1. So, R0 is 41 Å and r is the distance between the beta-carbons of GLU99 and LEU145; what FRET efficiency does that work out to, to 0.05?
2. Would you mind computing Rg(Cα) / (2.2 N^0.38 Å) for the chain, counting N as its residues?
3. Please list, ordered by chain and number, the residues whose modelled amide H lies under 5 Å from the amide H of LYS163; skip anything fewer than 5 residues away on the same chain.
4. Pop out the Kirkwood hydrodynamic radius of the stretch 1-92 from its pairwise C-alpha distances, inverse of mean 1/r, in Å to one decimal.
5. MET1 accessible area, nearest 10 Å², 1.4 Å probe?
6. Among the lysines, which have Cα under 25 Å from the Cα of LYS3 when same-chain residues fewer than 8 positions away are ignored?
7. Please give the solvent-accessible surface of ASP129 in Å², to the nearest 10, using a probe radius of 1.4 Å with every protein chain present.
8. Between the stretch 89-106 and the stretch 20-45, what's the alpha-carbon centroid distance in Å?
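The values are calculated or read from the model by the stated rules, or taken from the named source; none is laboratory data. Everything numeric in this text was worked out from a predicted model, so none of it was measured. Here Cβ is always computed from backbone atoms with ideal geometry, including for glycine, and neighbour counts include all displayed protein chains. Quick note on the areas: whole protein, heavy atoms, side chains included, nothing else; ligands and nucleic acids left out. Shrake-Rupley method; radii C 1.70, N 1.55, O 1.52, S 1.80 Å.
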Amino acid sequence: MKKVNQCLILAAGNGTRIRSLSGGLPKPLVDFRVKPILEHVIRRAHQAGIDRFVIVVGYRSDLIRSWFDGRSLGVSVTFVENSDYHKSNGISALKARSEINENFLLLMADHIFEPDTARSLLKQRLAPDEVILAVDPNIDRIFDLDDATKVRRDGERIVDIGKEIPHYDALDTGMFLCSPALFDQLESATKDGNCSLSDGMRQLARGRRLRALEIGEGQWQDLDTPEALAYAEGVFDGYFHRGPILERVARV
């Protein structure tokens, strides 16, 4: 099985729900534990084995590009501009189509996670027309259930996905292992020039080509509001206290 070493990060949105805290910054540059959220996402994916990143930018993309200038995170970064950043996130993914020809990890620029979760996802075998979504079955621990994207499974297959579905047994963590076939599904799902990732995922689900991988007790959090950001400080407190020790051990 060929190693997946490329990651697509969607970082184009307006971030309106966190604007009271961001002060006009694009959401990926909002600080979490003294570093921009986007830096956490990149570093954690890199720890999981990713070294090439394609980042779709849109709102205040100049600030994101400027932040990267002069910084070396030990990875390769390619930017893709999305002038339609006011549209749904499926459009952002489609903008990167020409940059990705092999299986890839798909992440959101405002979802924080543990590297072990990404590492487990990258170890999965993926059929040429499949997508695997990391799901959290621990519904009771979610911070903002109303805003979460829900999934309903039949065995390891996801049969429905969306924020408003009435019956569900797990939550979408925003972490996907994808084949390039995802782009065809997004194109097919586009109506009136717009589509969301969930639109494309529903099409995959109908064809039984959307699989679920449970994250177990792994932590994750969507940092799209000031309240969610504050909540995540507590959730990941243990990770940050032990992180420097693990990094030192890794370097030995």
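1. Using R0 = 41 Å, I get an efficiency of 0.75.
2. Rounded to two decimals, the normalised Rg is 0.95.
3. Amide H neighbours of LYS163: LYS150.
4. After inverting the mean inverse Cα-Cα distance, the result is 13.8 Å.
5. Around 140 Å² of this residue is reachable by solvent.
6. LYS95, LYS123
7. 60
8. Between the Cα centres of the stretch 89-106 and the stretch 20-45 lies a distance of 22 Å.
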